[in-house]
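Worksheet for the structure shown next.
Taken together, the values in this text are just the output of simple stated rules run on the coordinates, not laboratory data. Note that the structure is a prediction, hence the values are computed from the model and not measured. For neighbour counting, all protein chains shown are included, and Cβ atoms are generated from backbone atoms with ideal geometry for every residue, glycine included.
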Amino acid sequence: MGLVKAMNERRSIRAFRAEPVPKETIEEILRLTVHAPSAINLQPWEFVVVTGEEKERLGRRLIKAFKEKQIACSPGNVKPLPKTYGKRGAKTLELMKPFFEEMGVDIDRYINEGSCNFYGAPVAIFLCLDDSFPEARMVDIGIALGYLVLAAHEFGLGTCPIGLITAYEDEIKDLLNIPENKNVVIGVALGYPDSNIPINRFKSQRDNLEKFIRWID
Ligand SMILES: Cc1cc2nc3c(=O)[nH]c(=O)nc-3n(C[C@H](O)[C@H](O)[C@H](O)COP(=O)(O)O)c2cc1C
């Protein structure tokens with residue numbers, strides 16, 4: 001498959017088949033992921049891959065933590081968000097609504113509890129960063145995330161980045177024995193998309209390119 005096709009086609013998947021993903025396939029995806037560029041080729045990423053019964057246990061623990069703490073998906077802005085961004089988020093949720101209605105589920109519950117359970121995916125991957133790195137190295141992790149989701153798409157697999165789980169980092173570290181000096185930057189749900197579930201038909205929109213560019217000639 002061509003890269004352009006994959007970039008156009010990829011979307012976040014929010015319902016997965018239970019079918020396990022072969023370990024070799026996960027390794028192949030991560031082998032492609034580490035081709036991502038990084039500052040001074042430091043390759044600062046670390047992956048924690050959780051499958052099988054451990055993945056199920058993790059999902060249960062995070063849903064429990066969500067029910068206790070009630071920290072939900074949000075932009076996590078540190079200052080009031082300029083209107084443009086808020087509008088984009090609201091529009092995306094609005095466009096998702098009919099799919100959730102078709103499924104007869106509550107949108108907030110589906111997204112929050114779903115995120116905590118990696119939407120039922122058989123694989124959860126955490127991208128971690130040693131806490132000796134400055135925040136700037138988050139860029140490298142972000143690039144790796146981009147490579148990962150595209151590589152997975154190439155293998156017919158679906159992904160959903162899960163930022164919500166960072167609110168439950170203590171629980172994750174405790175359950176998975178992740179050392180204190182590693183920051184859990186982002187989680188990724190990975191598995192075969194369940195094409196029977198309406199939300200997987202949803203394709204988010206993008207603003208026109210001119211909204212993002214300022215040319216200086
Ligand atoms: C850093 C990051 C964090 C995200 N966190 C979540 C999340 O916690 N739950 C979720 O359902 N989707 C999450 N997403 C997926 C976004 O909602 C999705 O990428 C966006 O709506 C654009 O849709 P698309 O991926 O289908 O193109 C996250 C995406 C990124 C890049």
What shape does the range 134-183 take by its C-alpha gyration tensor, where a ≥ b ≥ c are the square roots of the eigenvalues and a/c under 1.5 counts as rounded, a/b above b/c as prolate, and the rest as oblate? oblate
Using mean Cβ contacts within 10 Å as the protection proxy, how do 144-150, 102-108 order, highest first? 144-150, 102-108
Go through the range 178-185 residue by residue and turn each phi into a ³J(HN,Hα) via Karplus (6.51, -1.76, 1.60, θ = phi - 60°); whole Hz please, and just put x for glycine and proline. 8, x, 4, 7, 10, 8, 8, 7
In Å³ per residue, the alpha-carbon convex hull of the range 1-130 encloses 193 Å³
In terms of modelled amide H atoms, which long-range or inter-chain residues lie less than 5 Å from the amide H of residue 185? 127, 128, 129
Ordered by packing density, taken as the mean number of other Cβ atoms within 10 Å over each peptide's residues, highest first, how do 53-66, 121-134 rank? 121-134, 53-66
Surpassing 21 Å at the alpha-carbon level, of the pairs 64/182; 67/173; 5/203, are 64/182
Long-range amide H partners of residue 123, meaning residues 5 or more apart or on another chain whose placed amide H is closer than 5 Å, are 190
Which ³J(HN,Hα) values in Hz, rounded to whole numbers, follow from the phi angles of the range 193-200 under the Karplus curve 6.51 cos²θ - 1.76 cosθ + 1.60, where θ = phi - 60° and Gly and Pro get x? x, 8, 6, 7, 8, x, 4, 6
Ratio of Rg to Rh over the range 63-123 (Cα coordinates, Kirkwood Rh, two decimals): 1.02
Expected sort for 73, 160 with the fewest Cβ neighbours (10 Å cutoff) up front is 73, 160
Protection proxy (average C-beta count within 10 Å per residue), highest first, orders 206-216, 178-188 as 178-188, 206-216
May I ask you to give the average projected area over all directions of the convex hull of the Cα atoms of the chain, in nm² rounded to one decimal? 14.0 nm²
Quick one: which residues, 5 or more positions from residue 13 or on another chain, have an amide H under 5 Å from its amide H? H modelled 1.01 Å from N in the peptide plane, none for Pro or chain starts. 159, 160
Karplus-derived HN-Hα couplings along the range 101-108 (A = 6.51, B = -1.76, C = 1.60, θ = phi - 60°), whole Hz, x at Gly and Pro: 4, 4, 7, x, 10, 7, 4, 5
Cα convex hull of the range 112-217, projected area averaged across orientations, nm²: 9.5 nm²
